[in-house]
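Below: one structure, written as structure tokens.
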Ligand code: ITT
């Protein structure tokens, strides 16, 4: 039987990439949509680690299954590392990808240094709160306009010099071979057997209460 792991994300782009890069492994990846409504996690951590752990452990605790969460973002040198953990909300609370892309282009207007890095932390947690952490990083350059239609988020602005394309001009498989998320997922794929064994040992086992006959 495959090990069930719940993917604790509402982001469709992340979901597509994680499912693609972990396909063929002995895990059954469920979505949050496979369950009823569950409370929103408060993502108020100051680091990718904090937020990835919050999302994974909260979901595991609420649903009673092991959960995997990805916290990621774009860190831009000329913006002192911003938007970082605030990447999803860079242009405001309900910002779309296009809003964020436009804000980034505005903020970098006239800036010479366009170096940036995508960072990703993936946490796998069980309901007791125990967790494993994986990380990946990818360096690139922010373009002066958007190129490409694939991917999501800031992909149309993230130029990857080694392939001479933006991430939005790569296929999901090409991006996965070099991206921050792809690197973290490669580590997970490399030790998937150990992870499944760890989950098996550490998952709380259900013990029915003993029935005691009342002899009084
Ligand atoms: P969940 O918390 O539900 O997973 P989210 O979109 O809010 O979804 P994050 O808080 O981790 O997730 O923010 C990640 C943001 O960083 C994401 O919305 C994009 O704007 C950006 N980002 C992360 N990885 C990216 C990638 O591979 N390509 C483009 N943009 C990316």
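In what sequence do 205, 186 fall when counting other Cβ within 10 Å, fewest first? Can you show the working numbers first?
On the way: 205 4, 186 14.
Ranking 205, 186 by Cβ neighbours within 10 Å, fewest first, gives 205, 186.
Modelled spin labels at residue 137 and residue 164, positioned 7 Å past Cα toward Cβ, are 2.8 nm from each other.
Here r is the Cβ-Cβ distance between residue 205 and residue 31 and R0 is 30 Å; the resulting FRET efficiency, rounded to 0.05, is 0.70.
Structural descriptor for segment 1-111: relative contact order 22 percent, calculated from alpha carbon pairs under 8 angstrom and at least 6 residues apart.
Within the listed set 146, 125, 78, the residue fluctuating most in the Gaussian network model of the chain (springs between alpha-carbon atoms under 10 angstrom) is 78. Site pair residue 115 and residue 214 shows an inter-label distance of 7.5 nm when each label is modelled 7 Å from Cα along Cα→Cβ. A P(r) calculated from all alpha carbon pairs of segment 14-66, with 10 Å bins opening at zero, reads 20, 46, 33, 2 percent. Segment 120-196 and segment 51-74 have Cα centres lying 17 Å from one another. Pairs of alpha carbons in segment 1-129 separated by more than 17 Å make up 61% of all such pairs.
Its Cα gyration tensor gives segment 141-216 an equivalent ellipsoid; the semi-axes, largest first and in whole Å, are 50, 15, 8. For the modelled label position 7 Å from the Cα of residue 171 along Cα-to-Cβ, which residues of segment 22-52 have backbone nitrogen atoms closer than 18 Å? Label zone hits: 22-24. Based on Cα atoms of the chain, Rg over Rh with Rh as the Kirkwood radius reads 1.07. Every helix of 4 or more DSSP H residues in the chain counts as -39500 (n - 2.57), and over all residues that averages to -9000 deg cm²/dmol at 222 nm. Each label point was placed 7 Å from the Cα along the Cα-to-Cβ direction; for residue 47 and residue 178 their separation is 2.8 nm.
Taken together, the values in this text are just the output of simple stated rules run on the coordinates, not laboratory data. This one's a predicted model, so the numbers in the text were calculated from it and none came from an experiment. Glycine also receives a Cβ, built like all others from the backbone with ideal geometry; neighbour counts cover every protein chain displayed.
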